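Written below as structure tokens is the structure these notes are about.
The values are calculated or read from the model by the stated rules, or taken from the named source; none is laboratory data. Keep in mind it's a predicted model, so treat the numbers as computed, not measured. For neighbour counting, all protein chains shown are included, and Cβ atoms are generated from backbone atoms with ideal geometry for every residue, glycine included. With ligands, DNA and RNA removed, areas are computed over all heavy atoms of the protein, side chains included. Shrake-Rupley method; radii C 1.70, N 1.55, O 1.52, S 1.80 Å.
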Amino acid sequence: NNFGNVIAGIFASLFAMGEGYASIKKIALLLNADTNRKQRHEHAEELAKRITNFEATIGPLDPLKLTVHGLGYKYNDDGSRVHQPVLPDNLSFTVEPGQMVALTGSNATGKATLLSIIASKFIPTEGFSYRPSNWRVRFADGVPRLYDETLMYNLRFGEFVEHPETEVWALCAKLGMS
């Protein structure tokens, strides 16, 4: 019985050391994980070139507007296959300060990808997305978020510019939510 306790203690110690070692390895992997810092720095340089080219050919960029020009995005799933999310070719548009925008479409049509690019979570492979530094980008993914407030408060989620109720209801009607 004493021998069994000693063996059990040895195996428990080895198991605990193994778990500790595994945890240390996981922490090391997290600490050494790719941060995309170099890629983001290179993108900032490329973005400056793309904006300079835009201004030389089209005109000055309005620093108060969100501007998306010639946008494209591709990614590799495992390094071997290249995927191209369904974004319209050469996507370009501007958004005025305070303007409400709704993106609609069926699943897997590039809505979240576009918003992730605008929010600087993804780096576009073509074109650029510029937004004023004081703008915040919010988007609701597939999970609805409702607050314990009025319907109008929920419809204005994330909106700091007071839109008239008639404008909000008109947008709901366009989206088929009336």
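Test of understanding: what is the full-extension gain from Thr52 to His163, defined as 0.36 nm times their sequence separation minus their Cα-Cα distance?
Residue separation times 0.36 nm, minus the Cα-Cα distance, leaves 36.5 nm.
Skipping prolines and chain starts, which residues have an amide H placed within reach, meaning under 5 Å, of the one on Leu66, given they are 5 or more residues away or on another chain?
Hits under the 5 Å cutoff: Val95.
Can you give the accessible area of Trp135, probe radius 1.4 Å, in Å² rounded to 10?
That residue has around 60 Å² of solvent-accessible surface.
Grab the beta carbon distance between Ala44 and Asp148, set R0 = 45 Å, and tell me the FRET efficiency rounded to 0.05.
For R0 = 45 Å, the calculated efficiency reads 0.65.
Given Lys49/Lys111; Lys111/Lys174; Lys38/Lys121; Lys38/Lys111, which pairs have Cα atoms separated by over 20 Å?
Listed pairs above 20 Å: Lys49/Lys111; Lys38/Lys111.
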